[in-house]
Amino acid sequence: MENLEAFFEKSELIPAVVQDYRTKEVLMLAYMNRESLVKTLETGMTWFYSRSRKQLWNKGATSGNVQKVIRIDYDCDMDTLLVFVEQTGVACHTGNRSCFYRTLKETGTEIPEVNPLYSLEEVIKERRINPEEGSYTCYLFEKGLDKVLKKVGEESAETIIAAKNGVKEDLTGEISDLIYHLMVMMNCCDLPLQNVMDELEKRSHKIGNLKKMKTVDKNT
């Protein structure tokens, strides 16, 4: 670990940019002093220093919208932190996912959207934590894993049929339904999407078929 005093040579407070570790979405900007940084490192949850209240605060302590720290980077001058977190709920006190939900200037250049699978995962997680009446996702959670698995099986069969029929529009819809139900299943099993993405990334670096054929007797 770096000498923490080096981060506070210029000021008692340093800005901490908080970013979703999966989507890379910037969630908020807050400030840390040495004590809050130490508590963040010790607890694995974000702690900041409130400049208005003149005291430490633990993000999500009252709202439940906590931030589990995944990694902390710092810049070349050691006066700014980049905190990668797993965000529970929303990051902004307004109820928005990110504090940066307003636009000051727009040039017309299209900015790529956040990976929709991660956005879907957040919606599914939110429905499980805070059920909403009339929500199909909440209905699935209420019925339990067996119901979800039944739907995964049904959607898999419907996807196969759509592929055989060769109608791309139908196939697109069935694949979307299958992916959605798979992600609900993953949430039921407490399996983060990132685990799957990491596995796919790992597999993408494999070259060819690395499995070796078994040596067998030629007369067999």
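Adding -39500 (n - 2.57) for every DSSP H run of four residues or longer, then dividing by how many residues the chain holds, sets the calculated 222 nm ellipticity at -12500 deg cm²/dmol.
Counting DSSP beta bridges with both partners in the chain, what percentage is antiparallel, nearest 5? Provide the component values of the computation, followed by the final result.
Working: 18 of 23 bridges.
Around 80 percent antiparallel, to the nearest 5.
Round to the nearest 10 and give me the degree value, 0 to 90, for the angle of helix 116-129's Cα axis relative to the longest principal axis of the chain. The angle comes out near 80 degrees. The slack between L117 and C92, meaning 0.36 nm per residue of separation minus the straight C-alpha distance, is 6.9 nm. Of the chymotrypsin sites (Phe, Trp or Tyr not before Pro) found in the range 98-143, the ones in coil according to DSSP and having at most 14 other Cβ atoms within 10 Å of their Cβ are F100, Y101. Relative to one another, the C-alpha centroids of the range 27-101 and the range 149-183 are positioned 40 Å apart. Considering only protein heavy atoms, what is the solvent-accessible area of V26 at a probe of 1.4 Å, reported in Å² to the nearest 10? About 60 Å², rounded to the nearest 10. What trypsin sites (Lys or Arg not before Pro) does the range 34-64 have in DSSP loop regions with at most 15 other beta carbons within 10 Å? Those satisfying the criteria are R51, R53, K54. Note on the chain: with charges restricted to the Cβ of Lys and Arg (+1) and Asp and Glu (-1), its dipole about the Cα centre is near 460 debye. Work from the charge dipole of the chain (Cβ charges, +1 for Lys and Arg, -1 for Asp and Glu, about the Cα centre) and give the residue of L29, W47, T159 farthest towards its positive end. The listed residue farthest towards the positive side: T159. Where [x] 1, 7, 14, 19, 22, 19, 12, 5, 1, 0; [y] 1, 6, 11, 14, 12, 10, 7, 6, 4, 3, 2, 2, 2, 2, 2, 2, 2, 2, 2, 2, 2, 1, 1, 1, 0, 0, 0, 0; [z] 1, 5, 10, 13, 13, 13, 12, 10, 8, 6, 4, 3, 1, 1, 0, 0, 0 are the candidate values, the label of the one calculated here for P(r) over Cα pairs in 5 Å bins from 0, in percent is [z]. Phi angles of the range 170-182 translate, via the Karplus equation with coefficients 6.51, -1.76, 1.60 and θ = phi - 60°, into HN-Hα couplings of 5, 5, 4, x, 5, 5, 4, 4, 5, 4, 4, 5, 5 Hz per residue; Gly and Pro are given as x. Summarising the amide proton neighbourhood of E25: residues at separation of 5 or more, or on other chains, whose placed amide H is nearer than 5 Å comprise D20.
The values are calculated or read from the model by the stated rules, or taken from the named source; none is laboratory data. From a predicted model like this one, the values you see are computed outputs, not experimental measurements. Every residue, glycine among them, receives a Cβ derived from its backbone with ideal geometry; neighbour counts consider all protein chains shown. Only protein heavy atoms, including side chains, enter the accessible area calculation; ligands, DNA and RNA are left aside. Shrake-Rupley method; radii C 1.70, N 1.55, O 1.52, S 1.80 Å.
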